[in-house]
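One structure below.
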Amino acid sequence: MKKTSAVLIIFFISGNLFPQTGWFSQVSGVQDTLRCIKFLNSSTGFIAGSNGVILKTSDSGNSWLSVQTGFASDLYSVYVFSASEIIAAGDSGLVLKSLNGGVNWSGFRISGKRLRSVHFGSESTGFAAGDSGVIFRTINGGNNWNQMSYNIPIQFNSVFCTDSLNAWIAGYGIILHTDDSGLNWHSQFSDGYLVLNSVFFVDKFRGWAGYYDNITFGPENLKTSTSGLDWRGYSSGSNAYSLSLFFSDSLNGWSSGFYGSIVKTSNGGINWISQISGTSSHLYSVCFVNSMTGWTAGENGTVLKTVSGGVITSVSSEENYSADLNFSLYNYPNPFNPLTKINYVLNSDGFVSLTIYDINGKETVKLVSEFQHKGSYEKDFNAEFLPAGIYYCKLESGGNYEIIKIVLLK
């Protein structure tokens, strides 16, 4: 029988090889923490964040305009009715509303507590929830708000409505549901060790909640197909600490989280695949307008966009891809079968991640994930178990990263 030999070839260009299209950076023009991003369509979107920042785009995020509200309170949530009508909510019960696309804003406080999420089930009926178990309802499009009765003083992080009657709230260790427009709230899920940061439904029956576990610190997600009567847990497969969920349909969804983590599911949340975000910044919010086009936003003014569902479709080279590099990455020997040594040099101390990804951006092997001091390092890599194809080796530290292309031939 004819034997085949595996040859792993690594191409390196001084200007770095990197995957396209995947996720790519957009210029927000601010350094504030961006907490919530919402798009009305493929062109028009809004972002709310710290220090009262609200950003608007009318060209798919190619440019972002900072709009002035007259309030400096941190904002945690934004809801977009139309290109004209927007509502935002944040610290000290602040609710902001604009009726002319963000040019002018009216603002008022409905509570002394922080409002972390606002969502509407119709043009008139919506809910806001936040710290100390506060829940508010409006039935006139956000002009007036009334506090609903709920007596457990826990932090609520996310509210989602499917219509004027049904809404879900996720918070520290709990998921609540109402089917009578907020008059009564019922606990559907309870686990005091879980921090539930996001809840999302595609219809009245099918929904998901993202969380991390305070004991295992693992990222997971819950799924229901019964309006929340039954919630089942699935692993996200990455140290993501889910902060935000978005589903474009019942199958395709994304979760963004700490340290630049983005994971995607194509089977309704049962399995998740890591994607390359190109950042180590926390990503607090993710939003899509279809199964291919979406955005995520987070700390330090970070805004990322994808037009491929976050999937890598090709590879290109670019000078200075990772600006202000504080390390270098290479391997030897080349070619090899099946062992090679991956070498890198750190010019400063920091947390280091060295990861192998496949062509779709799925994490294949985590070689390093630890704090390291500056200096030279060498890591053995055995590719014997990998099928033929294109892979990427990504080194990340201190907010910078470098990627080399790996091709396995058999």
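Worth pointing out:
- Using Cβ point charges alone (K and R +1, D and E -1), the dipole size of the chain about the Cα centre works out to roughly 420 debye.
- Residues with amide H under 5 Å from that of Ser77, placed H, sequence gap 5 or more: Ala89
- Look at the dipole of segment 23-310 built from charges on Cβ: of Leu75, Ser291, Ile262, the Cα furthest out on the positive end belongs to Leu75.
- Listing Glu396, Glu370 from fewest to most neighbouring C-beta atoms within 10 Å gives Glu370, Glu396.
- Amide proton proximity set for Ser242, modelled H, under 5 Å, gap of 5+: Tyr211, Glu220
- Using the Karplus relation 6.51 cos²θ - 1.76 cosθ + 1.60 with θ = phi - 60°, the per-residue 3J(HN,Hα) values for segment 288-305 come to 10, 9, 7, 6, 10, 9, x, 9, 9, 9, x, 6, 6, x, 5, 9, 10, 10 Hz, with x marking Gly and Pro.
- Listed peptides 95-104, 126-135, 147-156, 51-60 by packing density, highest first (mean Cβ within 10 Å): 126-135, 51-60, 95-104, 147-156
- Surface/4 estimate of mean projected area, convex hull on alpha-carbon atoms of the chain, nm²: 20.7 nm²
- Summarising the amide proton neighbourhood of Tyr284: residues at separation of 5 or more, or on other chains, whose placed amide H is nearer than 5 Å comprise Ala297, Gly298, Glu299.
- Counting charges near Ser42 (Lys, Arg +1; Asp, Glu -1) among other residues having Cβ under 12 Å from its Cβ returns a value of 0.
Since every read-out is calculated from the coordinates, none of them should be taken as a lab result. From a predicted model like this one, the values you see are computed outputs, not experimental measurements. Ideal geometry is used to build each Cβ from the backbone, glycine not excepted, and the neighbour counts take in all protein chains shown.
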